[in-house]
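The values are calculated or read from the model by the stated rules, or taken from the named source; none is laboratory data. Note that the coordinates shown come from a computational prediction; the quantities given were computed from them, not determined experimentally. FYI the Cβ positions are ideal-geometry reconstructions off the backbone, even for glycines, and counts take in every protein chain you see. Surface areas here come from the heavy atoms of the whole protein model, side chains and all, with no ligands, DNA or RNA. Shrake-Rupley method; radii C 1.70, N 1.55, O 1.52, S 1.80 Å.
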Amino acid sequence: MDDDEAFDAPFDEIDTAAHSRHYSWPPLPGASDRSPHAGLEVLQRIVDGEHHLSPGSHTLGLALSSVAERVVTLTATPGEWALNNGGTVHGGIVSGWVDSALGYATATVVDEGVGYSTLDLTVRYIRALRLEKTPATIHAEVEHVGRSTCVGQAKVLDTDGRTCASASGVMMLFRP
């Protein structure tokens, strides 16, 4: 998105009484922009509300809270739509959160034009995450950056600061 273009923020409207959800997502980047979330400057624009998260991250209820080199913090605000039949946040949703967090952590250490994609993801579920213990906080940190891969760790914490899940992942880097 050019600085001159108007920022059209996606929205997410949930009607709990009707058990319905209506949302929009940002447009996908053009073919010439393969890494729209690369570098600290772009990520800081997301934190500042001047740029958007990826459509998938937005759909999962994520918000980027803070960024620094090698480290990101996100918050996740799920609705009832994210619960399993046991009444806790579905493990697939949590997995999506940590995958996104590891991707954004990777974005802090790559230059513009470098693409990245999940190569490996391992999630360990430690305790159930209940809706009343959200928004969850997700911390992700890059441990190693190589020529072709980036290795990171993530944790999902409830509002009491208890770890609900931890994850490790490897991102494949696509350098020009």
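Below 8 Å between Cα atoms, with a sequence gap of 6+, how large is the relative contact order for the range 37-104 in percent?
This gives 27 percent for the range 37-104.
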Give the carbon-plus-sulfur fraction of the accessible surface of the chain in %, rounded to a whole number; probe 1.4 Å, heavy atoms of protein chains only.
49 percent
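Tell me the per residue accessible area of the chain using a 1.4 Å probe; a whole number in Å² is fine. Mind dumping the intermediate values first?
Numbers: 9340 Å² over 176 residues.
Heavy-atom accessible area per residue stands at 53 Å².
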Just want to confirm a number: the relative contact order over the chain, from Cα pairs under 8 angstrom separated by 6+ residues, in percent.
20 percent
Quick query: amide H of Val110 versus all other amide H atoms, modeled in the peptide plane; which residues come in under 5 Å with a sequence gap of 5 or more or a different chain?
Gly39
Report the local net charge at Ala140: Lys and Arg +1, Asp and Glu -1, summed over other residues whose C-beta lies under 12 Å from its C-beta.
-1
Sequence-separation-based contact order of the range 85-152, relative, with Cα cut under 8 Å and 6+ spacing, percent:
42 percent
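Once every DSSP H run of n ≥ 4 in the chain is given -39500 (n - 2.57) and the sum is divided by its residues, what mean residue ellipticity at 222 nm do you get, rounded to the nearest 500 deg cm²/dmol? Please report the intermediate quantities before stating the final value.
Working: 3 runs with 30 residues, N = 176.
Rounded to the nearest 500, the figure is -5000 deg cm²/dmol.
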If you take the Cα atoms of the range 86-173, find Rg, then find the Kirkwood Rh from the mean of 1/r over all pairs, what is Rg/Rh?
1.02
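Let me make sure I get this right: for the chain, a, b and c are the square roots of the gyration tensor eigenvalues over alpha carbons, sorted descending. Under 1.5 in a/c it's rounded, otherwise prolate if a/b > b/c, else oblate. Which is it?
Judged from the Cα gyration tensor, the chain comes out oblate (a/c at least 1.5, b/c at or above a/b).
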